[in-house]
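The structure appears below as structure tokens.
The values are calculated or read from the model by the stated rules, or taken from the named source; none is laboratory data. Note that the structure is predicted; figures quoted are calculated from it, not measured. Quick reminder, even Gly has a Cβ in these numbers, built from the backbone with ideal geometry, and neighbours come from all protein chains shown.
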Amino acid sequence: MLHIAGQNCRPETAEREFAATRRRHGTQGAKRKSPATYALPEPGNVATHVRRTRPNGRRYWAVAKTGEEATHVRHEGEVVRQAEARHLISSFGLDAVNPEDPEQVARAFEYVVARHAALYPGEQATFVGQAEGKGGNFHVHVTRNATLYEDMEVDGKLYRAGRKLAGDLTDIDRMRERADRFLAEHGHEYGLSPQRLPSVSERKKERRSQRDRRMATEGALSNHDRIRQAFEASMNDPRAVDLDAWKAVMAGHGVTVTEPGWRRGRSPKVPRLSYQLAGMATPVRAQTLGGHYDHGSALEQLDAKAHGRPRARRPELVKAGVPRPAAWPTAEELAAAQEAMARLAREERGLRAAENELYRWVAARAQDQGIAFGDVLNRLPESHEAQMRVMQRWNRLAEANGAQAENPTGNQEEQVPGTFGGATTAGSSRSHQPESMAAEQATKALDPELFDLVIVDEGLVQHGIYRADSAAMYKAGIEPRKISEAREFWESLSDDEQRKRYQERTKALQASQEAGEGAAVDEGQGEMQSPQVCTPGLLDDRPVGEESSLHAGMPGQPGGARRSAAARMERRRRNSLLWVLDGDDEPAHNEDDREFGA
């Protein structure tokens, strides 16, 4: 493996991210019925079907009529899983990219990644560059998620997210045409020359199979190539002046030419040709050999000969030229490359360690909540960086909750407000890790809805009015379901209504904080005006009971300690809500931040 990259995913987690996209659009595990198959009857089975030919030469299976001898048995197709990914290979000849030159290889890989991003921007895909093939050519394996990741436009047609890759998105001829156009326009930017292979239309004139290519590489001729050579030799023969004379010349070369589709003396609607060598069990259709060998092409070539015009020739095979010269690196460049590789290896190890930590954390959360691993993963933000931030914030909450449960009076070492990973508190040494027994004990003391409060959309944008940070929202106690409902209501309002309600809410909260009272801000029963308005237990400002504090899982404390803890929790809730409304990225620096460990 020489190079690896991802589009709309990380290569290391591509399989999981592909599955998450399919789950989001309901295509994960989708089923389809495979086509029926036809086989010769086994002992004890009765044949029911026969193969027929349409006037245009197309063959099909049908139930045998009365008095007609059936030859095959129909086997119904099974219900199987739909394809979840598509595989594409882009290969470069030795004359285009020399695998011994790291610079050529790197630029060719960049070209493939850039081409796919330009032609299919809405796909999730991984790219793996290799040069270990039998021919030693540098090639790139492209694995495409079979479900579209996001909307994209291809050839002027819009494809929506969630659609299965099919049709023009997977048709190899259309994909080759797009790739050839991109190469002609942008190939020079990556040191590549225009396409030397025949165009798609030219390739259709001669359809060479893998067997044809393999035998040609070994110095042998396939039956198809023998027929092609006989066709060219017969067309060059001066005796071939019309179709019948040409058939006779072909017979002299050992090839029998027939025109299938004739019935009761009537010619088919679309004339066809078939070729058969001596010893071949069945004839081969001209369409299999290529358009150059079909009925219409043969007549055109014979007509051109009769009128003294040059006829169309067999497409020439394009062979790779000499390998492209490789530029060998200097000692300094080699040392720099080795240093870069070592740095990338360290970064990769760090990323994999972080990924393992994240998935251990997700597994622990799934076990705590009694739900599936995939369900937890679906509720996380899509980007790896955002997922790591959620985990880190959750761990900081776990530390703060565990520390406060043990020391509700707040007598702990101070942490620098607003910093992350700075001076640790007594509780910070108990950051929640799935393998830690202390962490499991801290988890039991947490609010049972804490995990739901953490999994909130990062950066909830309310039409430019304010930015609600996810950390502030789960500090404030907002449930994701309520956020979704509030978002729908909020987006249904006009800009003026949003601005008016936002100003009213801000003034009410500021007045409540200045007064230091826990009066509820009533803005209408049953009406969702913002994510904050619909949050239970946040805006009602209920008084603290005698048996328990507002910190879920923390038993009530006797006397002044209980009242002091409750007062701190009330201040923190109000400060958190103001943080959300103010739209700051960091919370206000106050004494409660040290307690919370923000």
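If you go through region 149-190 and keep only what is touching a residue at least 40 places away in the same chain (Cβ under 8 Å) and more than 30 Å from Glu103 (Cβ to Cβ), you end up with Tyr149, Glu150, Ala161, Gly162, Lys164, Leu165, Leu169, Thr170. Of the strands (runs of 3 or more DSSP E) contained entirely in region 1-106, those carrying at least 1 residues that are over 29 Å from Ala179 (Cβ atoms) fall at 31-33, 37-39, 49-53, 59-63, 73-75, 79-81.
A quick yes/no check of all residues on (1) assigned by TED's automatic domain parsing to the domain that holds Ala230; (2) of a type in the set (Phe, Trp, Tyr); (3) out of contact with any helix residue (DSSP H, G or I) (no Cβ under 9 Å at 6 or more places or on another chain):
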{"residue": "Glu300", "(1), (2), (3)": "yes, no, yes"}
{"residue": "Glu316", "(1), (2), (3)": "no, no, yes"}
{"residue": "Lys319", "(1), (2), (3)": "no, no, yes"}
{"residue": "Met341", "(1), (2), (3)": "no, no, yes"}
{"residue": "Glu357", "(1), (2), (3)": "no, no, no"}
{"residue": "Ala363", "(1), (2), (3)": "no, no, no"}
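Got at least one residue in region 5-26 being free of Cβ contacts under 8 Å to residues at least 12 places away in the same chain, surrounded by 13 or more Cβ atoms within 10 Å (Cβ to Cβ) and under 30 Å from Val142 (Cβ atoms)? Within region 5-26, one or more residues are free of Cβ contacts under 8 Å to residues at least 12 places away in the same chain, surrounded by 13 or more Cβ atoms within 10 Å (Cβ to Cβ) and under 30 Å from Val142 (Cβ atoms).
Here is a yes/no grid of residues against (1) part of a helix (DSSP H, G or I); (2) in contact with a Gly (Cβ under 9 Å, 6 or more places away or on another chain); (3) modelled with pLDDT of 65 or more; (4) not β-branched (Val, Ile, Thr):
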residue	(1), (2), (3), (4)
Gly374	yes, no, yes, yes
Leu377	yes, no, yes, yes
Glu385	yes, no, yes, yes
Arg393	yes, no, yes, yes
Arg396	yes, yes, yes, yes
Glu413	no, no, no, yes
Gly421	no, no, no, yes
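Asn145 passes every criterion in (1) of a type in the set (S, T, N, Q); (2) within 30 Å of Lys157 (Cβ to Cβ); (3) surrounded by fewer than 17 Cβ atoms within 10 Å (Cβ to Cβ) apart from (3).
Among the residues making up region 150-177, those that are closer than 23 Å to Lys31 by Cβ and either part of a strand (DSSP E or B) or in contact with a Pro (Cβ under 9 Å, 6 or more places away or on another chain) (or both) are Tyr159, Lys164.
Of note, Ala304 does not satisfy the criterion of being loosely packed, with under 14 Cβ neighbours inside 10 Å and among the aliphatic types (A, V, I, L, M). Across region 228-243, the number of residues qualifying as out of contact with any helix residue (DSSP H, G or I) (no Cβ under 6 Å at 6 or more places or on another chain), closer than 23 Å to Thr288 by Cβ and either free of Cβ contacts under 8 Å to residues at least 12 places away in the same chain or among the aromatic types (Phe, Trp, Tyr) (or both) comes to 2. Against the list (1) aliphatic (A, V, I, L, M); (2) closer than 29 Å to Gly308 by Cβ; (3) crowded, with 16+ Cβ neighbours inside 10 Å, the condition Ala251 fails is (3). Taken together, Glu103, Glu78, Glu68 contain a single residue that is surrounded by fewer than 15 Cβ atoms within 10 Å (Cβ to Cβ) and within 30 Å of Arg22 (Cβ to Cβ), which is Glu78. Only one entry of Arg144, Arg181 meets the criterion of being closer than 27 Å to Arg22 by Cα and not hydroxyl-bearing (Ser, Thr, Tyr), and that entry is Arg144.
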